[in-house]
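Structure first, commentary second.
Every number here is computed from the coordinates shown, using simple stated rules; none is lab data. All figures in this text were calculated on a predicted structure; none of them were measured in a lab. No Cβ is skipped: glycine too gets one built from the backbone with ideal geometry, and neighbour counts run over all protein chains shown.
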Amino acid sequence: MPRALQYGFYSGKCGNKDVEAIIQGVVSARFARDPTIVAALLRLQFHDCFVLGCDASILLDGPSSEKTAFPNLSVRGYDLIDEIKAAVEAACPGVVSCADIIIAAARDAVALAGGMPYRVPMGRRDGTVGLASNVVLPSPFMSVQQALQIYQQKGFNVFDMVLQLGAHTVGVTHCSFVDGRLYDFNGSGKPDPSMNTVLLNDLKQICPPQSSTDNIVDLDQNPTSVNRVDNSYYRQLMQNRGVLPIDQALASDPSTRWIVQLLSSTNLFPPLFNNALVKLGSSQVLTGTQGQIRKIAERYLLFSVQESGISELDTGDVKQLWTETANYPNAGQRTKRLTSLATIWWVVWTERNKIIFNDGTPNASRAIGRVVSLTKDWTEVLAP
């Protein structure tokens with residue numbers, strides 16, 4: 001665990017307000033209406049932490065943000081994080097990070113779904129960059145060894161991987177992720193021979209061939225445990241009742257089968273799952289003065305001039321400078337001035353983000369005067 005993360009980090013920072021209790025209250029209210037929020041929050045934590053670390057970058061809006069990456073298109077729970085953030089800000093403005101809220105919300109969801117309550121260290125700060133191009137997540141169609149390689153690159157071992165996949169004890173997938181195992185396993189034109197025949201027939205009813213509807217399939221096929229955090233998922237795997245290819249592969253690959261056997265036949269899953277979530281939640285965190293404390297969970301972020309467009313900023317003066325510089329008669333000076341302008345757009349990015357995250361407004365016009373002034377100064381200094 002990074003030293004800057006602490007248990008009870010927010011104690012005394014918000015007067016007599018217990019921000020973790022506020023988070024728990026909002027999550028509990030949502031869970032009472034929608035138990036599927038547990039799976040959504042666990043997935044949100046994983047998809048945030050596994051990319052650039054637990055920095056809430058997955059919450060950022062933008063044309064090429066992490067949200068827009070294909071694996072994240074079905075991620076849910078953003079509205080709940082917004083609701084929690086608003087409640088926390090009302091009680092303790094500018095103190096609690098969105099990154100900590102994601103971690104705390106997932107923790108509370110696990111306990112509400114019958115898992116073992118656990119503590120999480122706090123003190124994360126929010127990132128200001130979240131690009132779709134950074135999103136590299138293990139695919140449900142990978143082999144165990146392929147997935148393990150990605151986990152190891154992130155600092156996790158085989159035990160961590162099997163435990164993190166234990167989040168499939170809750171949640172759903174869709175027929176499009178299962179059809180291959182039902183009708184054309186590895187291009188054979190036949191079902192996956194390892195799949196339990198009862199499960200195979202059940203899933204064929206849910207996912208008929210060439211259906212125009214991408215129906216929902218529970219990841220834990222024990223109907224009494226669909227929304228419960230327990231070891232039923234592993235017991236299903238030992239009966240060849242895994243749904244996703246990676247799930248069932250855990251029970252057949254020699255490097256992971258023994259872990260599945262252990263977790264399916266003992267009471268070790270609850271505490272070990274909690275430990276795995278704490279480890280995941282401590283991955284590559286920003287602390288201290290790094291990053292930001294966002295006032296609003298979802299903020300629009302300017303990732304690059306090309307991606308979001310200069311016109312969005314209403315930067316007529318900067319555009320004029322760019323045009324004049326591009327037409328500069330001296331080739332050497334033109335190159336240096338263009339380099340200067342390219343550099344100054346980094347300042348646009350930085351200044352705009354500071355305003356957004358510190359003041360909570362998407363209007364970056366306050367930064368433009370400074371940017372234009374700096375642009376003029378830099379082009380004069382850098383050009384001979």
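Structure notes:
- For the stretch 200-231, the residues whose backbone nitrogen is under 17 Å from a point 7 Å from the Cα of K190, taken along Cα to Cβ, are 200-201.
- When each of the peptides 187-194, 163-170 is scored by the mean number of other C-beta atoms lying within 10 Å of its residues, the order from highest to lowest reads 163-170, 187-194.
- Lys/Arg +1, Asp/Glu -1 at C-beta; the stretch 89-181 dipole; positive extreme among S97, C175, A147: A147
- Ordering of 107-117, 283-293 by packing is 107-117, 283-293, highest average first (other Cβ atoms within 10 Å, averaged per residue).
- With the highest mean first, a sort of the peptides 213-219, 84-90 on other beta-carbon atoms found within 10 angstrom per residue produces 84-90, 213-219.
- Q205-N267 FRET efficiency (beta carbon distance; Förster radius 51 Å; 0.05 resolution): 0.90
- Model label points for A21 and L137, set 7 angstrom from Cα along the Cα-to-Cβ axis, are 3.5 nm apart.
- Within the stretch 115-205, chymotrypsin sites (Phe, Trp or Tyr not before Pro) in DSSP loop having at most 16 other beta-carbon neighbours inside 10 Å: Y118, F141
- Subset of K85/K295; K13/K295; K154/K295; K154/K279 violating a 19 Å alpha-carbon distance limit: K154/K295
- Centroid-to-centroid separation of the stretch 31-95 and the stretch 176-197 [C-alpha atoms, Å]: 33
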